[in-house]
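Presented below is the structure to which this report refers.
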Amino acid sequence: MTDETSADAPAGTAGGLGRNERKTVAGPLHTIILLLVIASVSALGYFSVQRAIGTQNPHRLVFYGLTMAWEWATVGYIYWGVRRHGVSFSELVGGSWKGKRFFVDLGIAFAFWVAALVVLGIVAFLLHSRGMNEAARAIAPRTPVESFLWVCVSVTAGICEETIFRGYLQKQFAAWTQNGVVGLVLSALIFGAGHIYQGLKPATVITVYGLMFGTLAEVRRSLRPGMMTHAFHDTAAGLLIRFIPRA
């Protein structure tokens with residue numbers, strides 16, 4: 001694909017949550033292995049964070065480094081799989097970062113973030129999930145070096161997790177079921193389950209966030225606004241966490 005308009009469309013679809021004739025982005029075995037890796041890393045993350053809770057000086061720098069390493073490695077695995085399947089990586093992401101579309105997406109990302117904060121606040125209130133849980137506090141940065149690396153982790157999460165969950169899994173599930181809504185919901189559920197280390201209620205809130213990210217990706221036909229919002233949100237949450245009351 002050479003023109004930006006066609007590159008903005010997801011693999012195998014012309015847009016719209018319910019449109020059929022969606023094409024897979026990788027082979028079934030590739031996806032199964034990815035799901036097993038996500039489940040294993042999520043389990044390891046849960047036990048690692050639980051050990052960090054109550055520890056006076058948890059090894060946050062190690063945790064940050066390992067988190068970035070596995071997320072970029074996972075994106076590398078996805079890149080290999082989709083290319084092997086005959087799908088370009090730009091199809092997965094939806095266009096390039098050049099030109100005026102970048103600034104349009106930046107504005108959309110900011111507006112989406114504000115709307116998402118309102119929605120997530122309402123969901124958290126309805127679930128009686130208030131304050132900040134101990135798991136999130138345990139991994140939040142405390143020193144200048146940790147804060148710098150936290151920004152790096154947040155940018156990594158924005159790029160990699162949107163690629164994994166909205167770029168790859170959402171499209172793959174939509175293709176398997178020939179239903180965009182099912183693909184969106186399944187990817188959001190896995191996204192929320194991957195954050196279960198924060199507790200059931202926070203993971204539920206994150207699942208709702210995943211649904212919103214998935215809808216944005218489907219409507220915009222690009223991961224760019226979601227990547228920006230994801231990075232903004234994680235950066236702000238980590239740096240400001242010490243000012244949030246305990247649950």
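Laid out as a table, the results:
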quantity	calculated
Search result, residues across region 123-132 that are modelled with pLDDT under 85 and surrounded by fewer than 19 Cβ atoms within 10 Å (Cβ to Cβ)	H128, R130, G131
Residue within region 198-218 that is in a helix (DSSP H, G or I), among the basic types (K, R) and either closer than 19 Å to V87 by Cβ or at pLDDT 95 or above (or both) present	no
Of all residues making up region 162-197, the number that are crowded, with 24+ Cβ neighbours inside 10 Å and within 14 Å of G45 (Cβ to Cβ)	1
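The values are calculated or read from the model by the stated rules, or taken from the named source; none is laboratory data. Note that this is a predicted model, so its numbers are computed, not measured. Quick reminder, even Gly has a Cβ in these numbers, built from the backbone with ideal geometry, and neighbours come from all protein chains shown.
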